[in-house]
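Structure record follows, encoded as structure tokens.
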Amino acid sequence: MVVAIGFEGSANKLGVGIVSDGVVLSNVRHTYHAPAGQGFLPRDTAAHHRKHVLDVLRRALDEARVTPADIDCVCFTKGPGMGAPLVSVAVVARTVAQLWRKPLVAVNHCVGHIEMGRLVTGARSPTVLYVSGGNTQVIAYSQQKYRIFGETIDIAVGNCLDRFARVLKLSNDPSPGYNIEQLAKQGTKYVELPYVVKGMDVSFSGILSHIESQGREKLERGECTAADLCYSLQETVFAMLVEITERAMAHCGSQEVLIVGGVGCNVRLQEMMATMAEERGGKVFATDERYCIDNGAMIAQAGWEMFRSGQVARLEDTWITQRYRTDEVEVTWRTD
Amino acid sequence: MSAEKECDSRLDWKLLKQGAEARVYSCMYLGKPAVVKERFVKTYRLPELDKKLTHRRMSQEVRSMARCRKHGIRAPAVFHFDATRRLIVMEHVTDGTLLKDYITSLNGGSKREEKLSNLVELIGSVLAQMHDIDLIHGDLTTSNMIFNAERRELTLIDFGLSYVSSLAEDKGVDLYVLERAFLSSHPNTETQFQILLDSYTRHSKKARAVVQKLDEVRTRGRKRTMVG
Ligand SMILES: Nc1ncnc2c1ncn2[C@@H]1O[C@H](COP(=O)(O)OP(=O)(O)OP(=O)(O)O)[C@@H](O)[C@H]1O
Ligand SMILES: [Mg+2]
């Protein structure tokens, strides 16, 4: 039995989770919510993580009913993410690893999402759509790497949604994207927006500036409601995401698709993806907010895989990095 | 005349591929081998969005194929176009291999490097020619090129996302899309892709500005911090 503990804090979610041979023993999270109309800043987010991390760690150990002696490796997010929050959590992981005399495993955040998605859904070798506040990637595995087939060429889809939520002054609790999703349900009128797909790549910055300027004007003139704008934005950006995912599936000859990352808990996106997959005789796999949204268990799960295949970090190599691409990681734990 | 009549009966259509947006069937059209590319309704997206995209893409596809052929760039000839039925009937390129399959077939074989270099040289020159007539393909992947190794001929297909633009930025992004698709589909081909770019640079009149844009788009990607 191998027990792994994972520390995550690359953005505004702080999480500690414990995983043992594919079983999630605990997965505790504490989220920093910036005031409505604002994004989270690195300094405030790091302060939040520092304030709560020991409590979250204690709860994760208690819920899992394990003691430090039961743990085999301490996993933490090396990147990508915001510098200050990453550091604040990595410091704790390094400290407990030395106190407990356990090896450290440095995990790529994106790979954490993928491995958690595979564990929870049982998808074997899916085309992965990874959509979050900072990422938009279409990924498929081949030859020991998670290879990026498509990506945003400017901002991430979650960032586009979050920034639009700020324009509408929607609450950041539980997340701006969730509140857009709820409001969109009342939308009835489709407001035309730019639709920008380049092969397997997408671009969202034009859509955002268009809806920020012209959408707002339409709103002020009473030509549409805030709900209509949320609805139109979702329908447009999700159609783009489903389209590039389908293009990657056709290109790779894949029949499975897995959605991971925070935007992945959007039910409308899951529905659209499922419709697409059915049309091609394929299958969609998605997880709910416990695993879609950043959490500690996903870092523990990827770290568990890495640890078992011998990827342990020396203390001097446990620095963090804001930029760390998914395809930089050597996937030593897969044999296919 | 309806496409169905010309292509014999629909019953004789054989499904070749379900691509990203279309089903591609083989059939005969006035005695010639043809394919029917049918963009069926995508029910996952709003009907008005689907209609708009489909119509725009079909007409772009037909126009760009003609534009290529007019300038001596190989692309299938269009036989028939039916917007209401959402289908294009075009020449079936039967004397070649899908580039993706061709490259995969080279793996482990003899003279792989040499054959690959030869091939990417050709791709670079064809794309240079295409960009010099201000045509942006929009979906450059190794699934959208057909290669005849004996005659050293490259045919471009799938122009649904194509458009006309003289901007270096658009051409740079076109190459960027190809670069990622190429490197992710065919691991460890970085040197070959560089040969492709060198060939592009040699063959295109405006290559300098385009390659500079390509570098910019790449840097933008690498610099993104990817939070969350
Ligand atoms: N004219 C042709 N001759 C031979 N094979 C073809 C031809 N057109 C298409 N094919 C085959 O069918 C596949 C799918 O066609 P195509 O790329 O045009 O559609 P698609 O990828 O679904 O298009 P889109 O990206 O516009 O939705 C190609 O990859 C190729 O294998
Ligand atoms: Mg295609």
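Some points to look at:
- Which numbered condition residue B:84 fails, given (1) open to solvent by 70 Å² or more (accessible area, probe 1.4 Å); (2) modelled with pLDDT of 95 or more: (2)
One line per residue, one yes/no per condition, for (1) in the same structural domain as residue A:278 (by TED's automatic domain parsing); (2) assigned to a helix (DSSP H, G or I); (3) surrounded by fewer than 24 Cβ atoms within 10 Å (Cβ to Cβ); (4) at pLDDT 95 or above:
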{"position": "A:209", "(1), (2), (3), (4)": "yes, yes, yes, yes"}
{"position": "A:213", "(1), (2), (3), (4)": "yes, yes, yes, no"}
{"position": "A:217", "(1), (2), (3), (4)": "yes, yes, yes, no"}
{"position": "A:229", "(1), (2), (3), (4)": "yes, yes, no, yes"}
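- Looking only at the stretch A:144-167, residues that are within 8 Å of chain B (Cβ to nearest Cβ) and out of contact with any Phe, Trp or Tyr (no Cβ under 8 Å at 6 or more places or on another chain) come to 6 in all.
Okay, residues lined up against (1) under 26 Å from residue A:161 (Cα atoms); (2) crowded, with 16+ Cβ neighbours inside 10 Å:
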position: A:17; (1), (2): no, yes
position: A:21; (1), (2): no, no
position: A:34; (1), (2): yes, yes
position: A:37; (1), (2): yes, no
position: A:42; (1), (2): yes, yes
position: A:54; (1), (2): no, no
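- Yes/no for residue A:326 being under 15 Å from the mean Cα position of the chain (by Cα) and either within 14 Å of chain B (Cβ to nearest Cβ) or at positive phi (or both): yes
- Residues (modelled with pLDDT of 95 or more and in contact with a Phe, Trp or Tyr (Cβ under 8 Å, 6 or more places away or on another chain)) located in the stretch A:249-260: A:256, A:257, A:258, A:259, A:260
- Verdict on residue B:44 being at pLDDT 95 or above, within 16 Å of ligand 2 (Cβ to nearest atom), over 13 Å from residue B:160 (Cβ atoms) and not assigned by TED's automatic domain parsing to the domain that holds residue B:122: no
- The residue pairs whose first member lies in the stretch B:11-33 and is away from chain A (no Cβ under 14 Å) and within 15 Å of ligand 2 (Cβ to nearest atom), whose second member is of a type in the set (A, V, I, L, M, F, W, C) and part of a strand (DSSP E or B), and whose beta carbons are closer than 7 Å, counting only pairs six or more residues apart or on different chains, are B:25/B:15; B:25/B:16; B:25/B:35; B:25/B:36.
- The condition (being free of Cβ contacts under 8 Å to residues at least 40 places away in the same chain and farther than 29 Å from residue B:32 by Cα) is satisfied by just one residue among B:124, B:108: B:108.
- Residue that is open to solvent by less than 20 Å² (accessible area, probe 1.4 Å), modelled with pLDDT of 95 or more and out of contact with any His (no Cβ under 8 Å at 6 or more places or on another chain), where the choices are B:98, B:49: B:49
- Inclusion of residue B:206 among residues that are more than 10 Å from every other protein chain (Cβ to nearest Cβ) and surrounded by fewer than 20 Cβ atoms within 10 Å (Cβ to Cβ) is warranted.
- Checked against (1) in contact with a helix residue (DSSP H, G or I) (Cβ under 9 Å, 6 or more places away or on another chain); (2) at the interface with chain A (Cβ under 10 Å from one of its Cβ atoms), residue B:72 passes all but condition (2).
- Filtering the stretch B:144-161 to residues that are charged (D, E, K, R) and more than 9 Å from ligand 1 (Cβ to nearest atom) leaves B:150, B:151, B:152, B:153.
- Enumeration of residues in the stretch B:102-144 that are outside any helix (DSSP H, G or I) and more than 12 Å from chain A (Cβ to nearest Cβ): B:108, B:109, B:110, B:111, B:133, B:134, B:135
- If the condition is being within 20 Å of residue B:60 (Cβ to Cβ), crowded, with 16+ Cβ neighbours inside 10 Å and more than 9 Å from ligand 1 (Cβ to nearest atom), then the stretch B:13-46 contributes B:36, B:38, B:42, B:45.
The values are calculated or read from the model by the stated rules, or taken from the named source; none is laboratory data. Everything quoted here is computed from the prediction, not taken from an experiment. Backbone-built Cβ (ideal geometry, glycine too); neighbour counts: all protein chains shown. When the accessible area is computed, the model is the full protein with side chains, heavy atoms only, and any ligands, DNA or RNA have been set aside. Shrake-Rupley method; radii C 1.70, N 1.55, O 1.52, S 1.80 Å.
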